[in-house]
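**Q** Questions regarding the structure given below will be posed in turn.
The values are calculated or read from the model by the stated rules, or taken from the named source; none is laboratory data. Not measured: the values here are computed from a predicted model. All Cβ positions, even for glycine, are placed from backbone atoms using ideal geometry, and neighbour counts span all protein chains on display.
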Amino acid sequence: MPHNQPAAEHQPAGSAFARVGLLVYTLLITYASWYPFAGWHVIGVTPWAFLSAPLPHYWTWFDVLTNIVAYIPFGMLAVFALHPHVRGPFAILLAIAGGALLSGVMEAVQTFLPSRVSSNLDFFTNTGGAAIGAIAGVLLSRAFLEQSRLLQLRKEWFTRDAGRGLIVLAMWPLAQIYPQGYLFGHGQILPILSDWLSDWLATPVDLAAFFIQTQELTVQEYWLSETIITACGLTGALLTLLCLLRKHAPRLRLIAALAALVLIVKALANALLFTPENAFAWLTPGAKGGLLVGVMMVSGLAFARPVAQRRLAVVSLLASVVVANIVPINPYFTATLQAWLQGKFLNFNGAAQFLSLAWPFFALWFLLHPMHRLKRD
């Protein structure tokens, strides 16, 4: 009936941002919990034996707080993903149950990893973190999902189907935390696949050697490689943002803010993982040239048609991934990486590496999604 249409239009819709965010965060927890995926073995105990084991004798507040904080976003995203279909106490219970199930599976599988120790304390603290996040999510659902100023800006500046893309772009700054051989050199899967095959076949395997015959490049060739990787990586990411924006959105300010945020995160990560003196070690001549070329490319395409921006973003990201995989790692970077003492940052290292490896493929998935075939609003 016509008089009921306005009321239906004002009903809060489910958040694609929250649903995709929950999926990505679950993958992130899984990768971080099972990293480094090596040395699998059976020790003769059941995977669920940790539940009835005594509490660990040795633990630190750092570990406890880390386990709690790690699952708070999961609880919040679970509640946001359930909204508006499930709300209130029932949403809290479902989010806690989901957090407990996820943590239980992570701890059970860690039974078969020699570098990890299954712990009921981790399980309880993870579940507690999910509970805190779930309660916070219920309290914040109305403000974040129905009345938020950010939600209003989201509607004014971004297209209706931008939720998935915003999740992907939110991961781009975080992907800079893991040290990379080249600035924006994400998606380097060939070295990892080579290591796995080498272990499996008990013989050295170098997949990149099938594409490039030499493992030693000149300084100029390293510079050129990094220029291409950096320029294409920057162009692909910023064009992804541009194809999400409405015509009247402050395009140049938004892409400048995203680029600045990414470089700030990169500098802070280098300073924390290595030393403050290495905060800008990644700003090599090749990286500088790539940033300049990328800025010029994006500036020229800032007001192009969205379909052209999307296609060029795909081409740019593919080029960056291909070159990053076939070009040998700079030996200077290898020497620098040896100074990174992981220690308590093992979990963070696994999560950061996951984002670095997976980010361009998440971006390509979004850019090639069938929804882009629909007419834009």
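**Q** Residue 310 is checked against (1) modelled with pLDDT under 80; (2) crowded, with 17+ Cβ neighbours inside 10 Å; (3) under 23 Å from the mean Cα position of the chain (by Cα) and fails just one. What number does that condition carry?
**A** Every listed condition holds for residue 310 apart from (1).
**Q** I'd like to check something: does the stretch 129-143 contain any residue that is modelled with pLDDT under 90, over 30 Å from residue 288 (Cα atoms), of a type outside the set (Gly, Ala, Ser) and under 20 Å from the mean Cα position of the chain (by Cα)?
**A** Checked the stretch 129-143: no residue is modelled with pLDDT under 90, over 30 Å from residue 288 (Cα atoms), of a type outside the set (Gly, Ala, Ser) and under 20 Å from the mean Cα position of the chain (by Cα).
**Q** Only one of these conditions is not met by residue 372: (1) closer than 22 Å to residue 170 by Cβ; (2) buried (at least 17 other Cβ atoms within 10 Å of the Cβ); (3) modelled with pLDDT under 85. Which number is it?
**A** For residue 372, the failing item is (2).
**Q** Turning to a different aspect of this structure: Please enumerate the residues belonging to the stretch 189-209 that are part of a loop (DSSP other than H, G, I, E, B) and either at pLDDT 75 or above or acidic (Asp, Glu) (or both).
**A** Of everything in the stretch 189-209, those that are part of a loop (DSSP other than H, G, I, E, B) and either at pLDDT 75 or above or acidic (Asp, Glu) (or both) turn out to be 189, 203, 204, 206.
**Q** Counting only residues that are touching a residue at least 40 places away in the same chain (Cβ under 8 Å) and over 23 Å from the mean Cα position of the chain (by Cα), which one in the stretch 72-88 is surrounded by the most Cβ atoms within 10 Å (Cβ to Cβ)?
**A** 83
**Q** Within the stretch 152-166, is there a residue that is hydroxyl-bearing (Ser, Thr, Tyr), part of a helix (DSSP H, G or I) and modelled with pLDDT of 75 or more?
**A** No, the stretch 152-166 contains no residue that is hydroxyl-bearing (Ser, Thr, Tyr), part of a helix (DSSP H, G or I) and modelled with pLDDT of 75 or more.
**Q** Ok, one more. Going through the stretch 93-146 one residue at a time, which ones are assigned to a helix (DSSP H, G or I) and in contact with an Asp or Glu (Cβ under 9 Å, 6 or more places away or on another chain)?
**A** 103, 106, 107, 110, 120, 121, 122, 123, 125, 126
**Q** Let me ask something else. Identify, from the list 164, 142, the residue that is basic (Lys, Arg) and closer than 30 Å to residue 34 by Cα.
**A** So the residue among 164, 142 that is basic (Lys, Arg) and closer than 30 Å to residue 34 by Cα is 164.
**Q** Test residue 69 against the criterion of being of a type in the set (A, V, I, L, M, F, W, C) and more than 23 Å from the chain's Cα centre (by Cα), and give yes or no.
**A** no
**Q** Only one of (1) touching a helix residue (DSSP H, G or I) at 6+ places or on another chain (Cβ under 6 Å); (2) over 28 Å from residue 169 (Cβ atoms); (3) surrounded by 19 or more Cβ atoms within 10 Å (Cβ to Cβ) fails for residue 226. Which number is that?
**A** (2)
**Q** Tell me which residues, restricted to the stretch 167-188, are modelled with pLDDT under 90, under 12 Å from the mean Cα position of the chain (by Cα) and either not aliphatic (A, V, I, L, M) or not assigned by TED's automatic domain parsing to the domain that holds residue 242 (or both).
**A** Answer for the stretch 167-188, where residues must be modelled with pLDDT under 90, under 12 Å from the mean Cα position of the chain (by Cα) and either not aliphatic (A, V, I, L, M) or not assigned by TED's automatic domain parsing to the domain that holds residue 242 (or both): just 178.
**Q** Another question about this same structure. Yes or no: residue 327 modelled with pLDDT of 90 or more, surrounded by 15 or more Cβ atoms within 10 Å (Cβ to Cβ) and under 24 Å from the mean Cα position of the chain (by Cα)?
**A** no
**Q** Conditions: (1) exposed (fewer than 14 other Cβ atoms within 10 Å of the Cβ); (2) within 13 Å of residue 111 (Cα to Cα). Residue 49 meets all but one. Number of the miss?
**A** Tallying (1) exposed (fewer than 14 other Cβ atoms within 10 Å of the Cβ); (2) within 13 Å of residue 111 (Cα to Cα), residue 49 fails exactly one: (1).
**Q** Which one is surrounded by the fewest Cβ atoms within 10 Å (Cβ to Cβ) among residues in the stretch 251-281 that are closer than 21 Å to residue 226 by Cα and β-branched (Val, Ile, Thr)?
**A** 264
**Q** Please verify whether residue 196 is surrounded by 15 or more Cβ atoms within 10 Å (Cβ to Cβ) and aromatic (Phe, Trp, Tyr), treating the condition exactly as stated.
**A** Answer is no for this residue.
**Q** Another one. Working only within the stretch 46-96, note down all residues that are more than 30 Å from residue 145 (Cα to Cα) and of a type in the set (Val, Ile, Thr).
**A** 46, 60, 64
**Q** Sticking with this one: Show the residue pairs meeting these rules: Cβ distance below 9 Å; 6+ apart or different chains; first residue within the stretch 361-375 and within 15 Å of residue 189 (Cβ to Cβ) and in the same structural domain as residue 237 (by TED's automatic domain parsing); second residue in a loop (DSSP other than H, G, I, E, B) and at pLDDT below 90.
**A** 361/189
**Q** Kindly indicate the residue of the stretch 12-45 that is touching a residue at least 60 places away in the same chain (Cβ under 8 Å) and of a type in the set (Ser, Thr, Tyr) and also surrounded by the fewest Cβ atoms within 10 Å (Cβ to Cβ) among those meeting that condition.
**A** It comes out as 26.
**Q** Looking at residue 52, is it at pLDDT 80 or above, under 17 Å from the mean Cα position of the chain (by Cα), among the polar types (S, T, N, Q) and under 19 Å from residue 119 (Cα atoms)?
**A** no
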